[in-house]
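Presented below is the structure to which this report refers.
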Amino acid sequence: MQVTNRQRTSTRGGILKADAVLRYARILDDHGVRTLQDGRELLTDAVHLGTVETALRQVPGEGTAGVRRGYLWMLVGDEDTVKPDRMVLRWLTAHGVDGTTPEQARTLLSKVSERISSDLGRRVTAWEVDHAIWLTARSLG
């Protein structure tokens, strides 16, 4: 398979994002995760998920916060996971939440989703809060 994305996973010695994606795909395949349904089932098996996550953490450019893995699980269907990337962290800073780490942002967005759910009387997922922040931040440039 040929890929043409030339961006890197990190500005300091990161591998090509395309290479990281291929490594992720190989790891998932090696662990029997070949379809979206396989991924969703993986999310319900804590032991197998832990094994897969350990392997995924070894891909260069992963970082300590696991933002890339979180995004993968979001795409697979974990609605309680958020992707606290630079855009979300900048949005939080612009709204008075300075110096937030990705882990703190995860906790904050989870609590916000609980509060909104309570206020509206229906479930609002952390993913929905993350997505709303991301769309707003993107629209502001």
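The values are calculated or read from the model by the stated rules, or taken from the named source; none is laboratory data. The model shown is predicted, which means the values in this text are computed figures rather than measured ones. Glycine gets a Cβ as well: all are built from the backbone with ideal geometry, and neighbour counts include every protein chain shown. The accessibility values were calculated without ligands, DNA or RNA, using every heavy atom of the protein model including side chains. Shrake-Rupley method; radii C 1.70, N 1.55, O 1.52, S 1.80 Å.
Among the residues making up the range 98-109, those that are surrounded by fewer than 17 Cβ atoms within 10 Å (Cβ to Cβ) and part of a helix (DSSP H, G or I) are GLU103, GLN104, THR107.
Among residues of the range 71-92 that are closer than 18 Å to GLN37 by Cα, those with a beta-carbon under 7 Å from a residue that is part of a helix (DSSP H, G or I) and basic (Lys, Arg) at least six positions away or on a different chain give the pairs VAL76/ARG40; GLY77/ARG40.
Condition check: within 23 Å of ARG69 (Cβ to Cβ), among the aliphatic types (A, V, I, L, M) and open to solvent by 50 Å² or more (accessible area, probe 1.4 Å). Does LEU120 satisfy that? Against the criterion (within 23 Å of ARG69 (Cβ to Cβ), among the aliphatic types (A, V, I, L, M) and open to solvent by 50 Å² or more (accessible area, probe 1.4 Å)), LEU120 does not qualify. Residues that are over 14 Å from LYS83 (Cα atoms), without any contact (Cβ under 8 Å) to a residue 40 or more places away in the chain and outside any loop (DSSP other than H, G, I, E, B) within the range 114-141 comprise GLU114, ARG115, ILE116, SER117, SER118, ASP119, LEU120, SER139, LEU140, listed in sequence order.
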